[in-house]
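This report refers to the structure that appears directly beneath it.
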Amino acid sequence: MSFKVRIASADRTIDVSTGETILDAALDAGIGYPFGCQSGNCGACKSHLLKGEVAMDGYSEFALGDDEKAGGFILACRAMPTSDCEVAWLQEEDDLVSHPRQILATTVLSIDDVTHDIKRVRLAVPSDEPFYFSAGQFASVTFETCAPRDYSMANVPGDPVLEFHIRRSAGATVSAYVAEKLKVGDPVRVEGPFGASHLREAHRGPIIAVAGGSGMAPMKSIVERALALGMPQHIYFYFGVRTERDLYLHDHFIELAKKHPTLHFIPVLSEGDGIDRRCGLVHEAVAADWDEFDGCKAYLAGPPVMVEAATKLMEQRDMRRLDIHADAFYTAAEMASAGKKTGAEL
């Protein structure tokens with residue numbers, strides 16, 4: 001059995017079989033549907049359901065909030081028609097980026113400890129195959145003998161070296177491999193880019209960047225790209241970690257802030273003593289500094305509980321959901337329990 005689904009944005013009608021997602025059917029039909037992770041995590045395929053009914057399962061609330069679902073939005077990568085439908089993907093100005101999907105054979109250039117549990121891994125990209133992406137996006141990374149996992153690029157687009165921050169967490173086999181076995185010179189497969197939580201380069205209002213732990217990676221790319229472009233607005237970068245030993249790249253961002261008066265770097269320790277650092281949860285620091293977010297865009301990356309708290313704060317203070325670009329980093333255990341196929345590993 002199949003259903004007729006009209007893709008209004010492409011002016012095409014396709015057949016979608018029972019149990020098949022709209023995105024899979026559209027891609028099989030050669031339609032250039034926007035997508036990213038294909039697992040309900042990133043929101044790149046968020047669409048208007050104009051007519052009909054669909055069933056959806058196994059997606060992140062950060063990719064599609066309950067209010068958005070109630071308002072008629074779906075994720076094409078999780079939506080399976082239960083009747084004939086009509087859909088249209090989002091076309092907000094500057095929201096859709098188009099980079100060629102690439103598969104690169106890279107090699108490990110360097111591995112170093114940035115904290116007690118986070119490795120910074122740099123990969124050499126073939127000189128004849130530059131990797132095109134937008135700041136804030138991620139890639140599927142495959143180390144030898146490991147399953148592919150998603151990690152955000154920490155470097156700015158155009159760099160000949162890809163940088164990833166990989167935090168070791170309990171039960172995470174890939175991050176354990178990186179911590180214990182990965183060596184300089186090892187081959188690494190990189191596929192991408194993916195993700196919709198990228199820097200909106202045409203935006204000119206204030207930027208609020210909030211990262212937790214290894215969520216530093218996409219925020220580093222976003223902040224450095226904005227500064228390299230000479231974007232004129234002020235950038236407020238809140239970096240939340242547990243203790244002093246979890247804080248990294250502090251001196252790097254302090255020096256950047258000295259060179260760029262528009263950059264404000266605010267580290268926040270959830271278990272600090274309040275003497276030398278701001279303390280508490282990182283979204284609480286944002287709440288203390290901002291009464292309202294008129295004209296702002298927010299970029300969030302880190303543990304789901306942090307992303308959820310920051311998102312709720314900003315929505316309560318009237319930031320549009322369209323201006324909140326969130327990337328929740330799931331542990332391997334969280335992904336397994338939710339049945340997720342991909343996702344950034346903490």
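Quick notes
- The range 50-72: number of residues that are at negative phi and either of a type in the set (Lys, Arg) or at pLDDT 90 or above (or both): 6
- Test result for Val210, at pLDDT 95 or above, under 19 Å from Ala328 (Cα atoms), assigned to a helix (DSSP H, G or I) and of a type in the set (Val, Ile, Thr): no
- Selection within the range 1-37 - farther than 20 Å from Tyr59 by Cα, assigned to a loop (DSSP other than H, G, I, E, B) and over 27 Å from the mean Cα position of the chain (by Cα): Met1, Asp11, Ala29
- Residues being under 18 Å from Pro206 (Cβ atoms) and not small (Gly, Ala, Ser) - total across the range 292-315: 11
- If the condition is being closer than 18 Å to Pro304 by Cα and not in a loop (DSSP other than H, G, I, E, B), then the range 41-66 contributes only Asp66.
- For the range 141-174, a tally of residues being modelled with pLDDT under 95, surrounded by 17 or more Cβ atoms within 10 Å (Cβ to Cβ) and either of a type in the set (S, T, N, Q) or in contact with a Pro (Cβ under 8 Å, 6 or more places away or on another chain) (or both) returns 1.
- Among the residues of the range 1-21, those identified as touching a residue at least 40 places away in the same chain (Cβ under 8 Å) and within 11 Å of Thr82 (Cα to Cα) are Phe3, Lys4, Val5, Val16, Thr18, Gly19, Glu20, Thr21.
- Any hit, the range 212-230, residues being touching a Gly at 6+ places or on another chain (Cβ under 8 Å) and at positive phi: yes
Conditions tested, residue by residue: (1) of a type in the set (S, T, N, Q); (2) in contact (Cβ under 8 Å) with a residue 40 or more places away in the chain; (3) at negative phi; (4) not assigned by TED's automatic domain parsing to the domain that holds Thr115.
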residue	(1), (2), (3), (4)
Glu144	no, yes, yes, no
Arg149	no, yes, yes, no
Pro160	no, no, yes, no
His165	no, yes, yes, no
Ser175	yes, yes, yes, no
Arg189	no, yes, yes, no
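- The residues on offer are Asp294, Asp327, and the sole one that is at pLDDT 80 or above, in the same structural domain as Ala226 (by TED's automatic domain parsing) and farther than 25 Å from Ala139 by Cβ is Asp294.
The values are calculated or read from the model by the stated rules, or taken from the named source; none is laboratory data. Worth saying up front: this structure is predicted, and the values here are computed from it rather than measured. All Cβ positions, even for glycine, are placed from backbone atoms using ideal geometry, and neighbour counts span all protein chains on display.
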